[in-house]
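Notes to accompany the following structure.
The values are calculated or read from the model by the stated rules, or taken from the named source; none is laboratory data. Not measured: the values here are computed from a predicted model. Note that we place each Cβ from the backbone using ideal geometry, even for glycine, and neighbour counts take in every protein chain shown. To get the accessible areas, we keep the full protein, side chains included, count just its heavy atoms, and leave off ligands, DNA and RNA. Shrake-Rupley method; radii C 1.70, N 1.55, O 1.52, S 1.80 Å.
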Amino acid sequence: MPAEGPALKALLLRLHTNSLAQEEEISKPDGKWTTLKALKRQGDAGDAAALADYQQQFDDLMRDKMIALDQDKALFIYHLCRALSATRIVEAGTSFGLSTIYLALAVGQNASKLGPEQRKAAKVIATENEPSKAILARQHWKEAGEEVEQWIELREGDLRQTLASNLPEEIDFVLFDIWTPMVVPALRVLEPNLKKGAVIVADNVTSSAYGYEDFHDYIKTRRNAYRSLVLPYSGGLEFTVYDP
Ligand SMILES: C[S@@+](CC[C@H](N)C(=O)[O-])C[C@H]1O[C@@H](n2cnc3c(N)ncnc32)[C@H](O)[C@@H]1O
């Protein structure tokens, strides 16, 4: 486990459990998400009114949902960031701050091996558009304690604006765990600051294949810059290396 303290372990377990319970509830055959997916299919088939209706209902439904990264994936990104000695991380999509805790633990543990100057630059830049989620994320990081909280800078608002300035000169690692239309806009903003060898992990690339089409088109057109493979986690977890 990334954390040894019983309180932090309990917090991680509680948040994962709550997220899964919410997802189970909305994914029941008569659940809201199941109904909405049908509306989305209508929209994707060209029905503009259905698409607009879907978007509104999706935003309403997701406003208080965690939709957190599964625990096995969260552990994977923690170990990956430790192996990469990543200390400059951007998380696209923070929600209630669960995956951020894993990233912050990795950053803090990696930073402990750095000198004071480099340590100053070590952080996870977290991004969340929904104010009520940002409040809860901050509460969870406070509860997680100093080994987590001090390494996180939360940028509230639309990441297309909040990531447009003040990025680390070099970014080591990016997590895309966000509504898929935001992936390419975020990547465009981050790309100039990705270090050679930066790793990008994107969640649910198989289960949301339609939504990731523009991401895959984007990285294909830059075949010399991005190399990627999909890891066999639930929904597909894509591992991409930026190596221009
Ligand atoms: C899948 S959830 C993130 C889950 C989180 N990574 C975790 O594991 O706990 C995606 C989040 O992205 C946020 N989001 C969507 N569009 C955004 C945007 N344009 N800017 C910032 N955040 C956005 C949503 O509000 C939602 O909370």
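When the solvent-accessible area of segment 6-62 is split by element, carbon and sulfur atoms take up 58 percent of it, the probe being 1.4 Å.
Where the convex hull is taken over the Cα atoms of segment 126-216, what is its projected area averaged over directions, in nm²? Write down the numbers at each step before the final one.
Numbers: hull surface 26.8 nm².
Mean orientational projected area (segment 126-216, Cα hull): 6.7 nm².
Looking at segment 24-97, the trypsin sites (Lys or Arg not before Pro) that sit in a DSSP loop and have at most 14 other Cβ atoms within 10 Å of their own Cβ are ARG63.
Computed extension length for GLU23-SER112: 28.4 nm, one decimal, from 0.36 nm per residue of separation with the Cα-Cα distance subtracted.
Exposure check, 1.4 Å probe, all protein chains in place: THR162 carries approximately 30 Å² of accessible surface. Only Cα pairs under 8 Å and 6+ residues apart enter the sum, and on that basis the relative contact order of the chain stands at 15 percent.
Which entries in the list LYS120/LYS220; LYS9/LYS120; LYS40/LYS220; LYS9/LYS196; LYS120/LYS196 go over 29 Å, if you measure between the two C-alpha atoms of each? Let's see the in-between values first.
Values: LYS120/LYS220 35 Å; LYS9/LYS120 27 Å; LYS40/LYS220 26 Å; LYS9/LYS196 34 Å; LYS120/LYS196 21 Å.
Violating the 29 Å Cα-Cα cut-off are LYS120/LYS220; LYS9/LYS196.
Distance between the pseudo-spin-label points of LEU61 and THR35 (7 Å out from Cα toward the beta carbon): 0.9 nm. Each label point was placed 7 Å from the Cα along the Cα-to-Cβ direction; for ILE135 and ASP243 their separation is 4.6 nm. Our estimate of slack between ALA52 and LEU75, defined as 0.36 nm per intervening residue step minus the Cα-Cα distance, is 4.7 nm.
Looking at the chain, the accessible area is 49 square angstrom per residue; that uses a 1.4 Å probe and ignores ligands, DNA and RNA. Kirkwood Rh and Cα-based Rg: tell me the resulting Rg over Rh for the chain, rounded to two decimals. The Rg/Rh ratio comes out at 0.96.
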